[in-house]
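Read the figures in this text as sums done on the coordinates, not as results from a lab. Just so it is clear, the model here is predicted, and its values are computed rather than measured. When we count neighbours, we look across all protein chains shown, and the Cβ atoms used for this are built from the backbone with ideal geometry, even at glycine.
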């Protein structure tokens, strides 16, 4: 069977140890979490967890069933096949030289990124978009001297 990335959105009670139980149930069964984002919702009693994992359809079905068994999980939605909006954010620290600065500024404009800090020897760029857009932008910027990156992981919301 074909393995494919899946995006799960979980509505959970905002309590200590809920995330640990979720990651434990997946890790304990040999399933990997590729990305994970968590924050409270408009109601402080609940949090939304968006996680991505990879597997064939049988594996994804097992994961969904296991998540639904947890007491503090109120709702599980697989947003992979749904009509959803997906995004990710990255912060990128770049080397700045006289030689690469014009190309770097052009890339920031082309990829609709934003310079947060511009110093004499480095800058920090903020980029948001679909995960594949982030990947292609990072590949382009790599030739100009990426020093470090951090990414949020995929977030998704049903339309």
Rounded to the nearest Å, what's the spacing between the alpha carbon centres of region 27-61 and region 95-159? Just the number, please.
27
Tell me what the chain gives for mean residue ellipticity at 222 nm when only DSSP H runs of n ≥ 4 count, each as -39,500 (n - 2.57), the sum divided by the residue total, rounded to 500 deg cm²/dmol.
-8500 deg cm²/dmol
Ignoring solvent entirely, what values of log10 I(q)/I(0) come out of the Debye formula for region 4-82 at 0.14, 0.15, 0.22 Å⁻¹ when each Cα is a single scatterer?
-0.40, -0.46, -1.01
Rounded to the nearest 10, the angle in degrees between the Cα long axis of helix 18-27 and the longest principal axis of the Cα atoms of the chain comes to 90
extent check for the chain: Cα max minus min per principal axis, descending, whole Å, gives 57, 40, 31
Quick one: angle between helix 57-69 and the longest Cα principal axis of the chain, in degrees between 0 and 90, rounded to 10, please.
70
For residue 117, project a label point 7 Å along Cα to C-beta. Then give me every residue of region 60-95 with its amide nitrogen under 11 Å of that point.
93-94
Compare the peptides 67-77, 35-45, 5-15 by average per-residue count of other Cβ atoms within 10 angstrom and give them in order, highest first.
5-15, 67-77, 35-45
May I ask you to compute the full-extension gain from residue 106 to residue 57, defined as 0.36 nm times their residue separation minus their alpha-carbon distance, rounded to one decimal in nm?
13.4 nm
So, with points 7 Å from each Cα along the Cβ direction, the residue 130-residue 17 label distance in nm works out to 4.1
With label points built 7 Å along Cα→Cβ from the Cα atoms of residue 69 and residue 87, find their separation and express it in nm.
3.6
